[in-house]
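Shown next, in structure tokens, is the structure this report addresses.
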Amino acid sequence: MSTGRPAAAPSVSTHVLDTAAGHPAAGVPVRISARGGGEDAPPRDPDGRTARDPGGRTAQEDPGGRTAHDDSDGRTAREGPGGWTVLGSSATDADGRCRDLPVPPPGTTGIRLDFATGPYLDREAGSAARGDGHDAAAPGAAAPAGAPAFFPEVTVTFAVEPGQHYHVPLLLSPFGYSVYRGS
């Protein structure tokens, strides 16, 4: 029986654990994007105003519906027709958790989490080389000092259903990662 109300939006949470060092990964930037519901509406900034690209155009004014996005000013932006809408970004806290990811809009069918892991992995490699890391990692677990991160970015894309909560942790090490649906 339908109540006439739209289905509740899904919710998303995540955290990052450094499995090589054995502790939470603090300071990892995370961006959340959504696909589905409301794709025909122009992107909005946090105050509800239509977001504009650097040329002053809205997504509806730009051929192809594209606008540039710049998370530094917190705007939401469309990346392409039928594509992803950036909802916001955060960074992991000392416990490796993002506690302030925005709720996706009703009708969302897919979520994308983009983890900028390179700076964190580079810091950890430098810390291990200096011997001032958090916990002693297994010998050879850290990337060589000065070597760029093997996985500088991790993108996780998953399907969502209305009203469900999705906790998607990232288990990270210098040369591998895994994700799963947690609780």
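In table form, for the structure just shown:
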item	result
Whole-Hz couplings from phi, Karplus 6.51/-1.76/1.60, listed for region 156-166; x for Gly and Pro	10, 10, 8, 7, 10, 10, x, x, 8, 9, 10
Under the Karplus curve 6.51 cos²θ - 1.76 cosθ + 1.60, θ = phi - 60°, whole-Hz ³J(HN,Hα) for region 115-126, x wherever Gly or Pro sits	9, 8, 8, x, x, 5, 5, 5, 4, 5, 5, x
Pairwise FRET efficiency - residue 180 versus residue 93, Cβ, R0 = 22 Å, nearest 0.05	0.60
Euclidean distance of C-alpha centroids, region 90-128 and region 20-37, integer Å	2 Å
Peptides 155-166, 9-20, 91-102, 112-123 ordered by average Cβ neighbours within 10 Å, highest first	9-20, 112-123, 91-102, 155-166
Long-range amide H partners of residue 167 with built H, under 5 Å	13, 182
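Throughout, read-outs are computed from the coordinates displayed, never taken from laboratory work. These figures come from a predicted structure and were not determined experimentally. Note that we place each Cβ from the backbone using ideal geometry, even for glycine, and neighbour counts take in every protein chain shown.
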